[in-house]
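**Student:** Attaching a single structure in structure tokens format; questions to follow.
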Amino acid sequence: MTTFGSSSESLARHPAAGPEFRRGLKESLPVLIGFLPIALVLGAQAADKGFHTIEVPMMAGGNFAGGSEFVAVGLWTSPPHLLLIAAMTLLVNCRHLMMGAALAPLVRHLPARKILPALYLMCDESWAMGLADAKKRGGFSLPYYLGLCAAMWLTWVVFTTVGAVVGPMIGDLATFGFDMAFTAIFLVLLRGAWTGFKAARPWFVSLAVAAATYLLLPGAWYVATGAASGLVAAWFLAGKE
Amino acid sequence: MSLDLWTVLTIASMGVVTYCTRLGGFLLLRNRSLSPRALAVVEAVPGCVLISVIAPRFVSDKPVELLALAVALLAAWRLPLMPAVLLSVVATGLLRHFL
């Protein structure tokens, strides 16, 4: 645990890195409930597409971005189209560019040896919860964020692998309600960020554009177009004031 | 077990591309102080990203899925994270099973 709180800077801001890390582990639990069935399904689908069991944790741990992994497995052939899969991964994950930009002002005081792994582990849930926590407590807690990330990363890697091993036995998990966990998590995070209708106008632009893109274009364009259009709206709305 | 080189390369390329997306925005803004207008954009990022990811739920063509979303919306508006997740998952499972 000392590695997370050994610098004087971090100690000054967060006198107790250990408890903060454990707080992150604990608060990640609702997210893990959402991760678990989806990880199993992804692992099973990957095995079905011809992944060796060891290749599943390689992808899950090395990439750690579930949406792009479902897309990659969906497009997987033998041998795989490397450029197509890399391009689709970029498309699905280019929201990370905006996420990293939003995180930058809160973490730029940290040394590279901390920020590089912290960014490596950044997923939608850990990022949004880390930001929400920073807003609530008046500062970004790296050990709390790393606690969230560690629990999510481990769960993802372990249960995608389990999914690859037990494979065909778990075809029907998606028909239960587990996939709604993410929607509920995201909605709770949105409620936390809500400061009134006026500030949320870009969200509605994002929702409308993402939904329209989803209906009109195949693939995962909707995340990129939705997020980008909301930010363009935020830019213009801010200019009017 | 023999690993196929091309498969490993493809998986590695995914990891590299994704890490670049994680680093890119941070590196771009790391050493800048933002104008109030740019700050307003950065502050809109979380909401815009999260709502975009779940946007397909809002335009499902299955009434039962929209009903499940309504339950999740209500739960998320009223409850803390954990109860909201549990209620949404259980309600969605039941709605799909019985409707």
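Please treat every number below as a calculation from the coordinates, not as lab data. Because the structure is predicted, anything quoted here is derived from the model rather than measured. Every residue, glycine as well, gets a Cβ built from its backbone with ideal geometry; the counts of neighbours run over all protein chains shown.
**Student:** Let me confirm one metric for peptide A:225-231, namely the mean number of other chain beta-carbon atoms within 10 Å of its residues' beta-carbons. All intermediate terms of the calculation are to be shown ahead of the outcome.
**Tutor:** Working: counts 2, 8, 10, 3, 2, 8, 7.
If you average over the peptide's residues, the count of other-chain Cβ atoms is 6.
**Student:** When Cβ neighbours within 10 Å are restricted to other protein chains, what is their mean count per residue of peptide A:27-40? The partial results should precede the final answer.
**Tutor:** Details: counts 2, 0, 3, 8, 2, 0, 4, 3, 0, 0, 1, 0, 0, 0.
Neighbouring Cβ atoms belonging to other protein chains average 2 per residue here.
**Student:** According to a simple spin-label model (label point 7 Å from Cα along Cα-to-Cβ), what is the distance in nm between residue A:216 and residue A:112?
**Tutor:** Here the answer is 4.3 nm between the modelled labels.
**Student:** Report the label-to-label distance for residue B:64 and residue A:52 in nanometres (one decimal), using points 7 Å from each Cα along the Cα→Cβ vector.
**Tutor:** So the two model labels end up 4.1 nm from each other.
**Student:** With labels modelled as points extended 7 Å from the Cα through the Cβ direction, what inter-label distance (nm, one decimal) is found for residue A:16 paired with residue B:98?
**Tutor:** Label-label distance for residue A:16 and residue B:98, simple model: 4.4 nm.
**Student:** Nearest 10 degrees is fine. How inclined is helix B:5-29 to the longest principal axis of chain B, computing both from alpha carbons?
**Tutor:** Between the helix axis and the principal axis of chain B, the angle is about 90 degrees.
**Student:** Just check chain B against the gyration tensor rule for me: Cα atoms, a ≥ b ≥ c as the square roots of the eigenvalues, rounded for a/c under 1.5, and otherwise prolate or oblate depending on whether a/b exceeds b/c.
**Tutor:** oblate
**Student:** Further, regarding this structure: Using helices alone, I'd like the mean residue ellipticity at 222 nm for the protein assembly as shown: each DSSP H run of four-plus residues gives -39500 (n - 2.57), total over residue count, nearest 500.
**Tutor:** -25000 deg cm²/dmol
**Student:** What share of all Cα pairs of region A:196-241, in percent, falls into each consecutive 10 Å distance bin?
**Tutor:** Result returned by the calculation: 32, 45, 19, 3.
**Student:** Can you pull the mean other chain C-beta count within 10 Å for peptide A:107-116?
**Tutor:** Across the residues of A:107-116, the mean count of other-chain Cβ atoms within 10 Å is 1.
**Student:** Moving on. Please rank A:152, A:58, fewest neighbouring Cβ atoms within 10 Å first, as an exposure proxy.
**Tutor:** Result, fewest neighbours first: A:58, A:152.
**Student:** Of B:48, B:20, A:94, how do they rank once you tally other Cβ atoms within 10 Å and put the fewest first?
**Tutor:** By the 10 Å Cβ count, ascending, the order reads B:20, A:94, B:48.
**Student:** Could you work out the relative contact order of chain A? I mean the mean sequence separation of Cα pairs under 8 Å and 6+ apart, divided by the number of residues, in percent.
**Tutor:** 31
**Student:** Please compute the Kirkwood hydrodynamic radius over chain A, one decimal place, Å, based on all pairs of different Cα atoms.
**Tutor:** Computed over chain A, the radius equals 19.3 Å.
**Student:** May I ask you to list the lysines whose Cα is less than 30 Å away from that of residue A:198, ignoring any residue fewer than eight positions away on the same chain?
**Tutor:** Cα-Cα hits under 30 Å: A:135, A:136, A:240.
**Student:** How much length, in nm to one decimal, is gained on full extension between residue B:35 and residue B:5, taken as 0.36 nm per residue of separation minus their Cα-Cα distance?
**Tutor:** 6.1 nm
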